[in-house]
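I have placed the structure first, in the form of structure tokens, so that the comments after it can refer back to it.
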């Protein structure tokens with residue numbers, strides 16, 4: 001009985017997560033941008049609402065809807081988007097795959113489905129971040145998986161791809177020894193992170209600014 005109850009509760013949670021996206025009224029979106037992703041889109045590690053979608057909205061004066069859900073794989077993100085066809089017409093930013101990058105083909109397939117469903121060219125795909133841990137720093141096997149996956153995404157999406165990982169790494173503090181060590185390990189500097197992966201306000205601010213540099217790709221669809 002406990003097992004059945006647990007399954008039912010899990011099912012209800014999944015369904016409620018899907019309906020969250022499906023029930024967004026058009027009037028709430030207006031002429032806006034949808035950001036699809038996991039905890040990095042949701043803004044884990046930020047304070048006072050300083051997630052990148054909110055900062056992007058402030059920079060662009062365009063409504064930005066945050067569809068980030070912590071812990072989701074690229075498949076979960078894909079399923080939520082596919083389940084919300086009325087949102088296909090809007091420009092989107094896709095940041096997916098961090099939670100299942102060890103299955104790179106699945107990540108690529110999921111993102112391909114999301115882009116294909118849009119049926120327009122007003123989208124951006126962000127690269128996957130590596131964490132500041134021994135298994136993901138420069139030279140490790142997992143690091144190589146992430147680098148190859150990002151290279152494949154860059155080759156596939158061209159001008160619609162932003163290598164946000166490399167950009168964040170490049171923004172290290174040259175006077176901070178920890179940042180220098182992070183730079184040498186090719187990982188996001190600690191001054192831009194809230195933990196070994198998630199960003200802080202400064203990190204999310206840089207993400208928003210980098211996306212804003214390509215705002216013409218998104219705003220052309222509004």
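What to note about this one:
- The lone criterion from (1) closer than 25 Å to residue 217 by Cβ; (2) without any contact (Cβ under 8 Å) to a residue 12 or more places away in the chain left unmet by residue 144 is number (1).
- Flag for residue 206 being touching a helix residue (DSSP H, G or I) at 6+ places or on another chain (Cβ under 7 Å), surrounded by 18 or more Cβ atoms within 10 Å (Cβ to Cβ) and not in a loop (DSSP other than H, G, I, E, B): yes
- The set of residues from region 66-91 being outside any helix (DSSP H, G or I) and either within 15 Å of residue 40 (Cβ to Cβ) or in contact with a helix residue (DSSP H, G or I) (Cβ under 6 Å, 6 or more places away or on another chain) (or both) comprises 66, 67, 68, 69, 70, 71, 72, 73, 83, 84, 88, 91.
- Looking across 45, 76, 71, one residue alone is touching a strand residue (DSSP E or B) at 6+ places or on another chain (Cβ under 6 Å), over 24 Å from residue 221 (Cα atoms) and at pLDDT 95 or above. It is 45.
- Screening region 100-202 for helices (runs of 4 or more DSSP H) wholly inside it with 3 or more residues that are surrounded by 14 or more Cβ atoms within 10 Å (Cβ to Cβ) and under 16 Å from the mean Cα position of the chain (by Cα) returns the ranges 104-118, 141-157, 164-170.
- Restricting 24, 62, 94, 34 to residues that are in contact with a strand residue (DSSP E or B) (Cβ under 9 Å, 6 or more places away or on another chain), surrounded by 14 or more Cβ atoms within 10 Å (Cβ to Cβ) and at pLDDT below 95 narrows the list to 24.
The values are calculated or read from the model by the stated rules, or taken from the named source; none is laboratory data. Every value quoted in this text rests on a predicted model; they were computed, and no experiment measured them. With ideal geometry, Cβ positions are generated from the backbone for all residues, glycine too; neighbour counts draw on all protein chains shown.
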